[in-house]
1. So which of Thr131, Thr195, Thr100 ends up being modelled with pLDDT under 95, among the polar types (S, T, N, Q) and over 25 Å from Gly313 (Cα atoms)?
2. Within the range 110-121, how many residues turn out to be farther than 18 Å from Glu150 by Cβ, touching a strand residue (DSSP E or B) at 6+ places or on another chain (Cβ under 9 Å) and either open to solvent by 70 Å² or more (accessible area, probe 1.4 Å) or touching a residue at least 40 places away in the same chain (Cβ under 8 Å) (or both)?
3. In the range 160-193, how many residues are open to solvent by 10 Å² or more (accessible area, probe 1.4 Å), within 21 Å of Gln293 (Cα to Cα) and outside any helix (DSSP H, G or I)?
4. Regarding Ser70, is this residue of a type outside the set (A, V, I, L, M, F, W, C), open to solvent by less than 50 Å² (accessible area, probe 1.4 Å) and at pLDDT 95 or above?
5. Going residue by residue through the range 140-153, is there one that turns out to be surrounded by fewer than 21 Cβ atoms within 10 Å (Cβ to Cβ) and assigned to a helix (DSSP H, G or I)?
6. Could you list, ordered by first residue, the pairs with Cβ atoms under 6 Å in which the first is in the range 178-197 and over 30 Å from Pro125 (Cβ atoms) and free of Cβ contacts under 8 Å to residues at least 24 places away in the same chain and the second is crowded, with 17+ Cβ neighbours inside 10 Å and not aromatic (Phe, Trp, Tyr), at least 6 apart or interchain?
7. Within the range 199-224, can you find the residues that are open to solvent by 70 Å² or more (accessible area, probe 1.4 Å) and either touching a His at 6+ places or on another chain (Cβ under 6 Å) or over 16 Å from Glu170 (Cβ atoms) (or both)?
8. Looking at (1) open to solvent by less than 10 Å² (accessible area, probe 1.4 Å); (2) assigned to a helix (DSSP H, G or I); (3) out of contact with any helix residue (DSSP H, G or I) (no Cβ under 6 Å at 6 or more places or on another chain); (4) not small (Gly, Ala, Ser), which is the one condition that is false for Leu107?
Amino acid sequence: MKKKLLATIMAVAMVASLAACGKKEEAPAAPAETETPAEAPAETEEPADAPEADGADVSVILVTMDGLDSHWVNVDKGASAAAAELGVKYEWMQPDHKDTALQIEVLNNAIAKEPDVICVAAVDPVAIVDTLQTALDKGIKIIYVDSAAELEASAAFRTDNYAAAKQAGEQMLKGLEEKGIKSGDIGVVAFSNATQTSVDRSQGFIDAFEGTDFNILEVQYGNSEVAASQAAAENFISQGVVGVYGNNEPGAVGVGNAVAANKDWEGVAVGFDASSVTLDQVDNGDLYCIMAQNPANMGDGAVRAAYTLATGGTLSETDVDTGAAVVNKDNSADYR
């Protein structure tokens, strides 16, 4: 009996011992389970970089010379489309007409919003330099669209206005030759004597007549107003010119209107910038041709460059010629 009792006690002791040993072996399992939540924050940190990758943390403001000219409307179309694709926060700001003081005011408002990049078309290449420098001092990058200022920027997307204007002059010479006109006075209706774009578009056109028997009269300014441009063009026609050139869209429209109002005039008129109105004037024969830029490409390229810079990338090209083409009756439908 004693032997049986002893055996029973020993058996119970062994079971208790084994149970105790089993608990010690399972003990590490609990800490292993509690370590898993501690690693979770490392996984949730990754999405913090996602907004930068899709452009949500990038802000770009486009400041143009005005908001009326269809050229700027098309620049905005290209810019807004690129911004939507990249997920960039984008805004278009502009004065209600071309005016240096008004553009400076708009630029100051844009700077106050602290965007990553301001894309700007300078009305006056000198007058806005201090304002743009303020933006640079605040860490805002500058990209020029169409018209640059005299301050180094990160990039520029623009037409080679001198080359395009010279081509416009060559087209006028071609039109004059077709009419058998070999000499005479030529009138130029420009939109500004301060904006570099206008200066280049006048000088390139004028230089096309070097070595010919044509004489370029003193440049007149329409200030990007159709009525003023038309008045200047009609004044030239009344002086007996054989050719008139308008160096931007309102100027070209004004010139075309002047030709339409003087049906007996037998000269040649050319313009700069394609719009529904200037294309109609080409089709009607009021304008011999126009030089068409690629404003949507300017806006698109500027915003894509802004995104690259704002996300730490580098640009392979910093001065991009967005091109220009001659538009006449033969190909005007392609630009509508």
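1. Thr195
2. 6
3. Residues that pass the stated criteria total 4.
4. no
5. So far as the range 140-153 goes, no, none of its residues is surrounded by fewer than 21 Cβ atoms within 10 Å (Cβ to Cβ) and assigned to a helix (DSSP H, G or I).
6. Filtered contacts from the range 178-197: no entries.
7. Hits for the range 199-224 are Asn215, Glu218, Tyr221, Asn223.
8. (3) is the only condition that Leu107 fails.
The values are calculated or read from the model by the stated rules, or taken from the named source; none is laboratory data. These numbers were taken from a predicted model, which means no experiment stands behind them. Don't worry about glycine lacking a Cβ; one is built from the backbone with ideal geometry, like all the others, and counts go over all protein chains shown. Note: accessible area is taken over every heavy atom of the protein model, side chains too, but ligands, DNA and RNA are not part of it. Shrake-Rupley method; radii C 1.70, N 1.55, O 1.52, S 1.80 Å.
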